[in-house]
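*Asks:* Have a look at the structure that comes next, please.
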4 protein chains.
Amino acid sequence: MTQDTASRSAILLISCPDRQGLVAAVTDFIARHNGNILHLDQHVDADENVFFMRVEWDLSAFTIAPAHIASQFGAIAERFGMAFQLHFSDQTPRMAVFVSKEAHCLYDILYRYQAGEWRVEIPVIISNHPDLGTLAEKFGIEYRVFPVNKDNKAAQEAAQLELLREYRIDFVVLARYMQILTEGFVTHYPNRIINIHHSFLPAFAGAKPYHRAHERGVKIMGASSHYVTAELDAGPIIEQDVARINHRDSVEDLIRKGKDVEKLVLSRAIRFHLQRQVLVYKNKTVIFG
Amino acid sequence: MTQDTASRSAILLISCPDRQGLVAAVTDFIARHNGNILHLDQHVDADENVFFMRVEWDLSAFTIAPAHIASQFGAIAERFGMAFQLHFSDQTPRMAVFVSKEAHCLYDILYRYQAGEWRVEIPVIISNHPDLGTLAEKFGIEYRVFPVNKDNKAAQEAAQLELLREYRIDFVVLARYMQILTEGFVTHYPNRIINIHHSFLPAFAGAKPYHRAHERGVKIMGASSHYVTAELDAGPIIEQDVARINHRDSVEDLIRKGKDVEKLVLSRAIRFHLQRQVLVYKNKTVIFG
Amino acid sequence: MTQDTASRSAILLISCPDRQGLVAAVTDFIARHNGNILHLDQHVDADENVFFMRVEWDLSAFTIAPAHIASQFGAIAERFGMAFQLHFSDQTPRMAVFVSKEAHCLYDILYRYQAGEWRVEIPVIISNHPDLGTLAEKFGIEYRVFPVNKDNKAAQEAAQLELLREYRIDFVVLARYMQILTEGFVTHYPNRIINIHHSFLPAFAGAKPYHRAHERGVKIMGASSHYVTAELDAGPIIEQDVARINHRDSVEDLIRKGKDVEKLVLSRAIRFHLQRQVLVYKNKTVIFG
Amino acid sequence: MTQDTASRSAILLISCPDRQGLVAAVTDFIARHNGNILHLDQHVDADENVFFMRVEWDLSAFTIAPAHIASQFGAIAERFGMAFQLHFSDQTPRMAVFVSKEAHCLYDILYRYQAGEWRVEIPVIISNHPDLGTLAEKFGIEYRVFPVNKDNKAAQEAAQLELLREYRIDFVVLARYMQILTEGFVTHYPNRIINIHHSFLPAFAGAKPYHRAHERGVKIMGASSHYVTAELDAGPIIEQDVARINHRDSVEDLIRKGKDVEKLVLSRAIRFHLQRQVLVYKNKTVIFG
């Protein structure tokens, strides 16, 4: 991973119908303008005949100014029918964290934030409860409470969206936020709202997954991080992991053990997102290496 | 595990309402008759107030003859309302394997059988296809083909049951047998038919789990071994395990990688069953250590 | 696990030469005095002929006052040559955390402390560097700095020991404390100093394990939590876990991924210790279920 | 993975000093001659400034005949100082398996061989013991016994090498072959002898790893597959995996559980080798995705 290196790099995420010459066209563009490839990963979905690529190159000798790369690459993109995103390693995305009362994911996020593990800015934490305000305060991050009930949900979501705009938020992380966002809200951040669900999806989607896992007597439980879509717990999965359990584990044990899985899975998903390693396609994700 | 030791041991599996003095009563019974405990594991389901125990003891100095242990223990069992099973380490259970066309689980079973890893007798392999007959023959095990279709299913199951009786089969292993057994069949072997389902249950119960896992874009897939009940893929889970996958894996890759998980999960479940480590309770299993 | 239940329980950890009647003698003692067993786990090391047991019982109807249990049980212990420890679920052990500059393990500990996940008191954090003082302050825990060099090591350890005594510390957690404690120090807390080593011991004991793992090209790396003994990284292992890596991972990636393993492994080891689930024997641990 | 597709593909494995334009040069070569890239994976070792690449492309419309690809690509390779290997998906490598008395790895290999999971030919199994001859015979594979002792080792290795030449063996798999091959032997098959060692290397290299793992009281054990070099158990690691164990597991349990890890790790390593996914560099492996 090159984000940590001193020099600036560009990252191109591409998808298009597969055909001959795609890699050659892109890498030739980079080489001709004196870019040195730091990392390239591509994937062809043979069933769908779709090509995916992530390429990152060093800009130190690149002969096109960053501001003009997108337009100059546009000609190649057009020729091949490519959809593409261009990112730069020195951009710092702005992330808002939504929480309710549970602190484990927020702690994990705040540790990484404070340790500089991620290149990210967290200007605001949003909650439907005041409980974690003290923790946010310890880290000097603004904490805004929006109590939500049936009657005020639309108004509160509108106010939250306004706040996100104000803070120029790039993406949202639901760190065990116990409210279901409306489709209206989700539409504003397509593939830019990351949720952690406390089950091994698609098993136990919806409410109380640990209770249902205990009831079913599974021997392994898990957590799943996914982009939020209109359909509950059905968006593209970014990352999953599991933990072994046994008959001795009560629901409380599942909850406790589950928290350790949840926080790591969510933090890994956030990292993939920040590193521009994720492409969403047909409600699935390609996670580039 | 003591099955491999030269001397004979007895295994008692107990369940009853929890109350004071249960362990004391059982272990006193063993100690008074000169039994040395090799292994004891107990569990209390605090929600249901049910007590479970597995205890295994050395019979070399035990003063009650094996044939009389059950009746003599009966008085204790009655006093505490215990349901119990008594097994002996030198009994060799008789297992029938049902297969269709896939060989991976059968190979794994035959390897362990030939290597003496399990104390078990496999007198017969039953299939709805002739394909694996050659493999069975290599290992000198009788292979019986019962082609099954809508019209003859009842008759074929009756013939299979007859064969199982003839061979005095104690329990049945469905090693990727691609037929759904009727409730009528299952009733004859309650908690004695072990199936391997190629998904991480309860996700992807039913047909084509790998296709559906691929479609959903999960990052981890699994296999589940369970006792067969009337409801499809819904019986008590004995063992599960998982494998990590990614966007590069086609359905064929999932099938290939899944086979490795399936065979190990099934073989571990068979071992638990053979070692008398399993108690079924409320459609869940207690797996004793 | 019963620590969280409202009622008080007693925990007995026992080891002695194996012989007949051990479980019966202990459980009879409990039953005769109206104790209801909540959990019992035993183990026999057949090679060494040693018996181990952990039993926990509810004290609500127990007819011996807690203060007299040890002396009354003493007669049984003597008869069988048992070494034993008696603990009570409502005792709150006092733990000191030693750190250097890395914060990940400390964060994980502080989260669990603040969330009430463990029954423990942390009156003091000790470090050889001032760096994590701000974090300790956020959580209102005293932070004491003891800069250590070749010349002052003995004096500083003496001062640390004095501080531990002052605070009536029961056990010490080295949460990535980058100093080797002298044998003199270790002797004061036998099997009561828990370290986290950032490798899968016994591989890469000693300095710079991630660099050496990278150099060797291993495909899986790990972390190990163990009790500290006089010999470096050679004490009884309490818990280990691993993470998969590949050729893309630089030393920095190993360090980053390793931190996630380290913090979970250390926290699990602390929990085992707090729950009185650990018995040390022949430089190994029995971890009771 | 494209090995299973009907059409023929070429695979190029490349390593060279990193510089600008490498990917462009190679992919342009492919595109200019009407090759469609099926899969491309590259890696730059930033510390060593070395570039690695594996690229596979469809030959159905490729305008250079397979026999001339290497020479035509040679000009590019020379310009960039590339070391390269060229393989074709329809080549069937020839593999010899060396065994002693343990059958678990051989079973796993024979299952995959018979099921057509790998594109490989196994003309001969070599052993220092007659024990597994019956198994080999069941599968119609020649089995040759070379009893080895101190005095005849050199002569027997010479005879084995002669046999490998006779059978035009491309690579050798040591499926728990309990003899150490001499440097003289190894030299004939550089990075073409795959061994399975029954520990998580570098822990417990050498003899009796399970006994030593048990003695040390580790909580996780493993297996490692590596290319054989002159130094014992020190060659480039191809694949590793682990299994969780606990204090209940005797050495016999470790051996039993270890076999399941060994066979899967070895078979995965064989697959990587057959798929041309492995490049060896500085005693480490790059495993292409």
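The values are calculated or read from the model by the stated rules, or taken from the named source; none is laboratory data. Fair warning: this is a prediction, and the values are worked out from it, not measured in the lab. Cβ placement follows ideal geometry from the backbone for every residue including glycine, while neighbour counts extend to all protein chains displayed. Please note that ligands, DNA and RNA were not included when accessible areas were found on the heavy atoms of the full protein model with its side chains. Shrake-Rupley method; radii C 1.70, N 1.55, O 1.52, S 1.80 Å.
*Asks:* Check off (1) surrounded by fewer than 20 Cβ atoms within 10 Å (Cβ to Cβ); (2) in contact (Cβ under 8 Å) with a residue 12 or more places away in the chain; (3) facing chain B (nearest Cβ under 7 Å) for C:VAL50 and give me the number that stays unchecked.
*Replies:* With (1) surrounded by fewer than 20 Cβ atoms within 10 Å (Cβ to Cβ); (2) in contact (Cβ under 8 Å) with a residue 12 or more places away in the chain; (3) facing chain B (nearest Cβ under 7 Å) applied to C:VAL50, the lone miss is (3).
*Asks:* Next question. If C:ILE64 satisfies every condition in (1) farther than 21 Å from B:VAL44 by Cβ; (2) more than 7 Å from chain B (Cβ to nearest Cβ); (3) touching a Phe, Trp or Tyr at 6+ places or on another chain (Cβ under 8 Å); (4) of a type outside the set (Gly, Ala, Ser) but one, which is the exception?
*Replies:* Against the list (1) farther than 21 Å from B:VAL44 by Cβ; (2) more than 7 Å from chain B (Cβ to nearest Cβ); (3) touching a Phe, Trp or Tyr at 6+ places or on another chain (Cβ under 8 Å); (4) of a type outside the set (Gly, Ala, Ser), C:ILE64 comes up short only on (3).
*Asks:* With (1) facing chain A (nearest Cβ under 8 Å); (2) aromatic (Phe, Trp, Tyr); (3) open to solvent by 30 Å² or more (accessible area, probe 1.4 Å) as the list, and B:TYR281 as the residue in question, which single condition is left unmet?
*Replies:* (1)
*Asks:* Between C:LEU38, C:LEU86, C:LEU106, which is touching a helix residue (DSSP H, G or I) at 6+ places or on another chain (Cβ under 7 Å) and open to solvent by 30 Å² or more (accessible area, probe 1.4 Å)?
*Replies:* Sole residue among the options that is touching a helix residue (DSSP H, G or I) at 6+ places or on another chain (Cβ under 7 Å) and open to solvent by 30 Å² or more (accessible area, probe 1.4 Å): C:LEU86.
*Asks:* Among the residues of region C:246-269, which ones are in contact with a Phe, Trp or Tyr (Cβ under 7 Å, 6 or more places away or on another chain) and in contact (Cβ under 8 Å) with a residue 60 or more places away in the chain?
*Replies:* Result: C:GLY258, single match.
*Asks:* Report yes if some residue within region D:109-119 is among the β-branched types (Val, Ile, Thr), crowded, with 17+ Cβ neighbours inside 10 Å and on the phi < 0 side of the Ramachandran plot; otherwise report no.
*Replies:* Yes, some residue in region D:109-119 is among the β-branched types (Val, Ile, Thr), crowded, with 17+ Cβ neighbours inside 10 Å and on the phi < 0 side of the Ramachandran plot.
*Asks:* Ok, one more. Hey, among B:GLY222, B:GLY217, which residue is more than 16 Å from A:MET221 (Cβ to Cβ) and in contact (Cβ under 8 Å) with a residue 24 or more places away in the chain?
*Replies:* Exactly one of B:GLY222, B:GLY217 is more than 16 Å from A:MET221 (Cβ to Cβ) and in contact (Cβ under 8 Å) with a residue 24 or more places away in the chain, namely B:GLY217.
*Asks:* Looking only at helices (runs of 4 or more DSSP H) that fall completely inside region C:40-146, which ones have 1 or more residues that are not assigned by TED's automatic domain parsing to the domain that holds C:ILE180?
*Replies:* On the way: elements: C:66-80, C:104-115, C:133-138.
Per the criteria, C:66-80.
*Asks:* Take the residues of region C:253-264 that are touching a His at 6+ places or on another chain (Cβ under 9 Å) and of a type in the set (Lys, Arg): which is least open to solvent (accessible area, probe 1.4 Å)?
*Replies:* Applying the filter and picking the extreme gives C:LYS263.
*Asks:* A further question follows. Is it true that some residue in region A:66-73 is touching a Ser or Thr at 6+ places or on another chain (Cβ under 6 Å) and either over 25 Å from C:SER250 (Cα atoms) or at pLDDT 95 or above (or both)?
*Replies:* no
*Asks:* To continue, here is another question. Applying the selection to region B:10-35, what residues are assigned to a helix (DSSP H, G or I), more than 7 Å from every other protein chain (Cβ to nearest Cβ) and either open to solvent by 10 Å² or more (accessible area, probe 1.4 Å) or of a type in the set (Lys, Arg) (or both)?
*Replies:* Those that are assigned to a helix (DSSP H, G or I), more than 7 Å from every other protein chain (Cβ to nearest Cβ) and either open to solvent by 10 Å² or more (accessible area, probe 1.4 Å) or of a type in the set (Lys, Arg) (or both): B:ALA25, B:ARG32.
*Asks:* Taking A:SER267 as the residue in question, decide whether it is among the polar types (S, T, N, Q), more than 12 Å from chain B (Cβ to nearest Cβ) and either open to solvent by 10 Å² or more (accessible area, probe 1.4 Å) or not in a loop (DSSP other than H, G, I, E, B) (or both). Spell out the reasoning first.
*Replies:* On the way: among the polar types (S, T, N, Q): yes; more than 12 Å from chain B (Cβ to nearest Cβ): yes; either open to solvent by 10 Å² or more (accessible area, probe 1.4 Å) or not in a loop (DSSP other than H, G, I, E, B) (or both): yes.
Yes.
*Asks:* Anything in region B:172-206 that is of a type in the set (A, V, I, L, M, F, W, C) and within 15 Å of B:GLN156 (Cα to Cα)? List them, or say none. Even if it seems obvious, please write down each step before you answer.
*Replies:* Filtering region B:172-206 down to residues of a type in the set (A, V, I, L, M, F, W, C) leaves B:172-175, B:178, B:180-181, B:185-186, B:193-194, B:196, B:200-201, B:203-205.
Passing the criteria: B:MET178, B:ILE180, B:LEU181, B:PHE185, B:VAL186.
*Asks:* Out of curiosity, is D:LEU163 assigned by TED's automatic domain parsing to the domain that holds D:VAL99, over 21 Å from D:LEU279 (Cα atoms) and open to solvent by less than 40 Å² (accessible area, probe 1.4 Å)?
*Replies:* yes
*Asks:* Okay, moving on. Out of A:GLU142, A:GLU215, A:GLU231, A:GLU162, I need the residue that is at pLDDT below 95 and among the acidic types (Asp, Glu). Which one?
*Replies:* Result of the check over A:GLU142, A:GLU215, A:GLU231, A:GLU162: A:GLU231.
*Asks:* Now for a different question. Just give me the residues in region A:194-216 being among the hydrophobic types (A, V, I, L, M, F, W, C) and surrounded by 22 or more Cβ atoms within 10 Å (Cβ to Cβ), in sequence order.
*Replies:* A:ILE194, A:ILE196, A:PHE200, A:LEU201, A:ALA203, A:PHE204, A:ALA213 - these are the residues of region A:194-216 that are among the hydrophobic types (A, V, I, L, M, F, W, C) and surrounded by 22 or more Cβ atoms within 10 Å (Cβ to Cβ).
*Asks:* Still on this structure, please answer the following. Which members of region D:217-252 meet the condition of being of a type in the set (Ser, Thr, Tyr) and open to solvent by 20 Å² or more (accessible area, probe 1.4 Å)? Can you show your working first?
*Replies:* Going residue by residue through region D:217-252, those that are of a type in the set (Ser, Thr, Tyr) are D:224-225, D:227, D:229, D:250.
Of everything in region D:217-252, those that are of a type in the set (Ser, Thr, Tyr) and open to solvent by 20 Å² or more (accessible area, probe 1.4 Å) turn out to be D:THR229, D:SER250.
*Asks:* Residues of region B:95-143 being acidic (Asp, Glu) and either within 10 Å of chain D (Cβ to nearest Cβ) or closer than 21 Å to D:THR134 by Cβ (or both), which ones? Working first, answer last.
*Replies:* Narrowing region B:95-143 to residues acidic (Asp, Glu): B:102, B:108, B:117, B:121, B:131, B:137, B:142.
Correct list: B:GLU102, B:ASP108, B:GLU117, B:GLU121, B:GLU137, B:GLU142.
*Asks:* Have a look at D:ARG248, D:ARG216 and point out the one that is in the same structural domain as D:TYR107 (by TED's automatic domain parsing), in contact with a Gly (Cβ under 8 Å, 6 or more places away or on another chain) and over 29 Å from D:TYR113 (Cα atoms). Before the answer, list the steps.
*Replies:* On the way: D:ARG216 fails: in contact with a Gly (Cβ under 8 Å, 6 or more places away or on another chain).
Criteria check complete, one pass: D:ARG248.
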